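One structure is given below, encoded as structure tokens.
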Amino acid sequence: MKKTILITGSTDGIGKLAATKLAKDGHEVYLHGRNATKLTKVIEEIKSLSGNESVNGFLADFSDLNAVKNMATQVNQELPKLDVLINNAGVWNSKNSHNNDGWDIRYVVNYFAPYLLTKRLLPLLQKGNDSRIINLSSAAQDPVNYDVMAGTVNQPERATYGQSKLALTMWSFDIAKKQNEISVIPVNPGSLLNTNMVKEAFGQFWSSADKGGNILYDLAVSNEYTGVTAKYFDNDKGEVKGTFSMAHPDAYDQQKVEKLIGTTEEILGTYLN
Ligand SMILES: NC(=O)c1ccc[n+]([C@@H]2O[C@H](COP(=O)([O-])OP(=O)(O)OC[C@H]3O[C@@H](n4cnc5c(N)ncnc54)[C@H](OP(=O)(O)O)[C@@H]3O)[C@@H](O)[C@H]2O)c1
């Protein structure tokens, strides 16, 4: 069955690979990028590779939460429903360590932006069929430091990347609880996959980027995952293609999850209106 799928950060890396595979299956695929020229080029490339003309895109720099809000408005205007949202855009290294609000760039792009976008797209997802939210977590998950999250204390990218990924994982379980009709799966797509992010951060890789692209594709559309929710998928584990596993213990601590969601709503304040 043809699905409507939005993948953030799909102009490169594993998001682009998953988008290409989904387009080849004939799904209606919406890409997202921060650079207009690159976005247009990738849309044309995927159309040509897949022979599928139902490939379109949205533009927003996720370090700017007003741009995220505007994108959400556009998506709501253009799409009658959404079956799958893959919150994939992510950053480790960046020439700007903080955004214009003074918040760590990894918290903003990897956690605040998908939080805001998803919240605004829930009505579209509620209209979808077998709706799914796939959130890109990581093997790197570190306890949230609320001073760093609020932008009053700075820490190195290695620390804030892991914090942003645990925050996203904790929040995934919270949405799953509140949105019974939507499957929410946080996923570690595999460690040190061969993508720009990994090349820039580590200068080496352990596995092909396809390992990550393939699991995003599977989690998005495979019947195997229909109705599966609030489970963490770890693509570093398992025999063939990963398996459901345990996330960081904080993700299962209801008090910590509630504190995270409450603080996130306070920090994002007017962006949520
Ligand atoms: N690769 C791994 O080993 C690995 C492991 C665990 C988790 N992950 C997660 O997987 C996701 C995809 O990463 P990847 O490895 O495929 O990296 P990638 O090749 O660097 O792709 C990242 C994507 O996010 C986009 N992006 C970055 N900053 C953005 C911003 N400010 N606004 C909008 N889009 C932005 C990039 O856009 P441009 O095309 O413009 O650069 C690109 O499309 C990330 O969430 C990452 O944390 C990756």
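Quick grid of which residues meet (1) in contact with a helix residue (DSSP H, G or I) (Cβ under 8 Å, 6 or more places away or on another chain); (2) part of a helix (DSSP H, G or I); (3) near the ligand (Cβ under 8 Å from one of its atoms); (4) without any contact (Cβ under 8 Å) to a residue 40 or more places away in the chain:
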| site | (1), (2), (3), (4) |
| --- | --- |
| 18 | yes, yes, no, no |
| 32 | yes, no, yes, no |
| 46 | yes, yes, no, yes |
| 58 | yes, no, no, no |
| 77 | no, yes, no, yes |
| 82 | yes, no, no, no |
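Take residue 130 and tell me if it is away from the ligand (no atom under 12 Å from the Cβ) and under 27 Å from residue 17 (Cβ atoms). Considered against the rule, which asks whether it is away from the ligand (no atom under 12 Å from the Cβ) and under 27 Å from residue 17 (Cβ atoms), residue 130 comes out as yes.
The criterion of at least 1 residues that are within 14 Å of the ligand (Cβ to nearest atom) and polar (S, T, N, Q) is met, among helices (runs of 4 or more DSSP H) falling completely within the stretch 194-270, by 196-202, 209-221.
Counting the residues of the stretch 226-245 that are surrounded by fewer than 19 Cβ atoms within 10 Å (Cβ to Cβ), farther than 17 Å from residue 212 by Cα and hydroxyl-bearing (Ser, Thr, Tyr) gives 1. Of the residues that sit in the stretch 178-193 and are in a loop (DSSP other than H, G, I, E, B) and away from the ligand (no atom under 11 Å from the Cβ), which one is nearest to residue 89 (Cα to Cα)? Per the stated criteria, the residue is 182.
Looking only at the stretch 246-273, filter to residues that are closer than 13 Å to residue 177 by Cβ and more than 19 Å from the chain's Cα centre (by Cα); which one of those is surrounded by the most Cβ atoms within 10 Å (Cβ to Cβ)? Out of the qualifying residues, it is 252.
Using the structure shown, decide if residue 203 is over 15 Å from residue 107 (Cα atoms), surrounded by 20 or more Cβ atoms within 10 Å (Cβ to Cβ) and of a type in the set (Gly, Ala, Ser). Here the answer is no, as residue 203 does not meet what is asked.
Since every read-out is calculated from the coordinates, none of them should be taken as a lab result. Keep in mind that what you see is a predicted model, and the values were worked out from it rather than measured. Cβ: placed from backbone, ideal geometry, glycine included. Neighbour counts: every protein chain shown.
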